[in-house]
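Visitor: Have a look at the structure that comes next, please.
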Amino acid sequence: RSYRLILRAAAARSKYVSYELLIAIASRESGCRNILGDGGHGRGMFQLDDRYQQAFLSTHRGCKSGTSIPRYKNALAKGRVPTVHAGATRCCQIIDANVNQAIVDGVRYGDRRRLAISAYNAGYSGALTGYRRGNSDINTAGGDYAKDVLHRMGK
């Protein structure tokens, strides 16, 4: 699919996100489709929530759900999704920021990526709370977000 080159380019600019991780997150979030989800709040291949990502969505071009052709000035209005490139880049930024925060918070080296992946779904605070209780996935959808994403990566 054409989106694979876009995901490779986004991952190449990330410190902690690989192409395989982007594919695994996109698979979990949307089945690798650039669609509306989560009752209209999840936007695009990476299901960026319009309740928390308003600034991002309002400053990036938008597509009609189910497409990847940018037709609108922004992706904020209902029914729109960001371009695959913008969504992948934002996903990388979120994961990178989560890993950096995990470093600051003293999370063990081997646990940082998993916590960052959980935080993509549960928010950093929710994932850190779970981590401190023994499982960063406790507050994620299904209670298995990072576990499932890593499984999809083959890890």
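The values are calculated or read from the model by the stated rules, or taken from the named source; none is laboratory data. Note that the structure is a prediction, hence the values are computed from the model and not measured. Heavy atoms of the whole protein, side chains included, go into the accessibility calculation; ligands, DNA and RNA do not. Shrake-Rupley method; radii C 1.70, N 1.55, O 1.52, S 1.80 Å.
Visitor: Once the mean 1/r over all distinct Cα pairs of the stretch 35-129 is inverted, what Kirkwood radius in angstroms do you read off?
Guide: Result for the stretch 35-129 stands at 13.7 Å.
Visitor: Here's something else I'd like to know. Based on alpha-carbon centroids, what's the gap between the stretch 82-101 and the stretch 24-53 in Å, whole number please?
Guide: 13
Visitor: To the nearest 10 degrees, how steep is helix 84-104 against the longest Cα principal axis of the chain, on a 0 to 90 scale?
Guide: The two axes meet at around 20 degrees.
Visitor: Right, something else. Whole number in Å², please: accessible area per residue of the chain, 1.4 Å probe, ligands, DNA and RNA not counted.
Guide: I get 51 Å² per residue for the chain.
Visitor: At 1.4 Å probe size, with no ligands or nucleic acids counted, give the accessible surface of H151 in Å², nearest ten.
Guide: Surface open to solvent at H151 totals about 140 Å².
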